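Q: Next up is a structure, given as structure tokens.
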Amino acid sequence: MASFRIRQYQDQDYEAVRALFARGILEHAPAGFRHILRSARVRLALLAVFVAARAAAGSWVLGLGAVAVALVLLWVLVRSLSAEYVRDALGTDLCDVPGTYLRPDRCFWVAEEGGAVVGMVAAVPAGRGELELKRMSVSREHRGRGLARALCREVLAFARARGYGAVVLSTSMVQVAAQRLYEGQGFRKVGSSYPSLLGTLLNFQIFHYRCDLGDGTK
């Protein structure tokens with residue numbers, strides 16, 4: 001049986017929630033980097049860097065060195081996407097969780113085990129009778145035990161109880177496990193977008209999901 005419990009956020013959870021969220025987002029940066037390296041556009045750009053450097057310096061070694069520098073710069077750019085997202089969240093809603101989420105039409109839950117916060121999820125109205133699932137994160141050490149599924153179901157139950165017609169969410173293209181989780185809970189992909197100009201240049205997409213709940217009253 002699961003030993004964790006899901007409860008509403010409390011003030012003493014502040015630092016744990018912020019740290020859990022930051023770790024969960026930043027750990028996806030390597031997967032994003034690998035994804036971008038598979039892009040034909042990026043590979044052609046790296047080839048162009050190599051050819052240009054070799055032609056200018058007349059050396060294979062310097063050509064390879066230029067590619068190495070380009071890869072380092074690319075990694076910095078990719079990680080900056082994640083870091084920027086974390087900074088934005090920590091400076092806005094996760095800076096004041098009670099003021100943002102602890103209201104009748106929204107909520108913020110944590111999963112607790114052994115007195116430690118090991119998971120989190122939030123929900124806010126998204127308009128048009130929809131509730132948005134946000135800030136889902138589970139610590140790496142506690143994954144694979146149904147905790148994320150339980151948090152997702154908490155949001156779906158909350159939405160049904162308050163008459164929302166659908167739950168929506170967004171997740172990055174490299175969060176494959178999260179996509180499988182949501183699809184297993186009845187969500188379907190309804191679109192995609194780019195988070196920024198840099199995301200567009202790197203072909204890094206955000207996927208949008210929706211789960212219809214039937215007749216909503218909001």
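The values are calculated or read from the model by the stated rules, or taken from the named source; none is laboratory data. Keep in mind the model is a prediction, meaning the values are calculated, not measured. In this analysis, Cβ positions are derived from the backbone assuming ideal geometry, glycine residues included, and neighbour counts consider all displayed protein chains. These accessible areas exclude ligands, DNA and RNA; they are computed on the full protein's heavy atoms, side chains included. Shrake-Rupley method; radii C 1.70, N 1.55, O 1.52, S 1.80 Å.
Q: Determine whether VAL155 is open to solvent by less than 40 Å² (accessible area, probe 1.4 Å) and in contact with a Cys (Cβ under 9 Å, 6 or more places away or on another chain).
A: yes
Q: Restricting attention to the stretch 54-65, does a residue exist that is of a type in the set (Phe, Trp, Tyr), over 24 Å from ALA122 (Cα atoms) and at pLDDT below 90?
A: yes
Q: Filtering the stretch 55-79 down to residues that are open to solvent by 40 Å² or more (accessible area, probe 1.4 Å) and among the small types (Gly, Ala, Ser), which residue is farthest from the chain's Cα centre (by Cα)?
A: It comes out as GLY58.
Q: Given the criterion open to solvent by 60 Å² or more (accessible area, probe 1.4 Å) and either touching a residue at least 24 places away in the same chain (Cβ under 8 Å) or over 19 Å from the mean Cα position of the chain (by Cα) (or both), identify the matching residue among ASP88, ASP105, ASP96.
A: Answer to the check: ASP96.
Q: Hey, GLY32 hits all of (1) open to solvent by less than 50 Å² (accessible area, probe 1.4 Å); (2) at pLDDT 90 or above; (3) more than 30 Å from ASP105 (Cα to Cα) but one; which does it fall short on?
A: GLY32 satisfies every listed condition except (2).
Q: Then there's this: Every residue in the stretch 33-84 that is charged (D, E, K, R) and in a helix (DSSP H, G or I), please.
A: ARG34, ARG41, ARG43, ARG54, ARG79, GLU84
Q: Just one of the numbered conditions (1) open to solvent by less than 40 Å² (accessible area, probe 1.4 Å); (2) within 16 Å of ALA122 (Cβ to Cβ); (3) modelled with pLDDT of 95 or more is not true of PHE187; which one?
A: Status for PHE187: all satisfied but (2).
Q: Please give the number of the condition MET136 fails out of (1) open to solvent by 30 Å² or more (accessible area, probe 1.4 Å); (2) more than 16 Å from the chain's Cα centre (by Cα).
A: All conditions pass for MET136, except number (2).
Q: Of the conditions (1) closer than 22 Å to VAL174 by Cα; (2) surrounded by fewer than 17 Cβ atoms within 10 Å (Cβ to Cβ); (3) in contact with a strand residue (DSSP E or B) (Cβ under 6 Å, 6 or more places away or on another chain), ALA16 satisfies every one except a single condition; which number is it?
A: (1)
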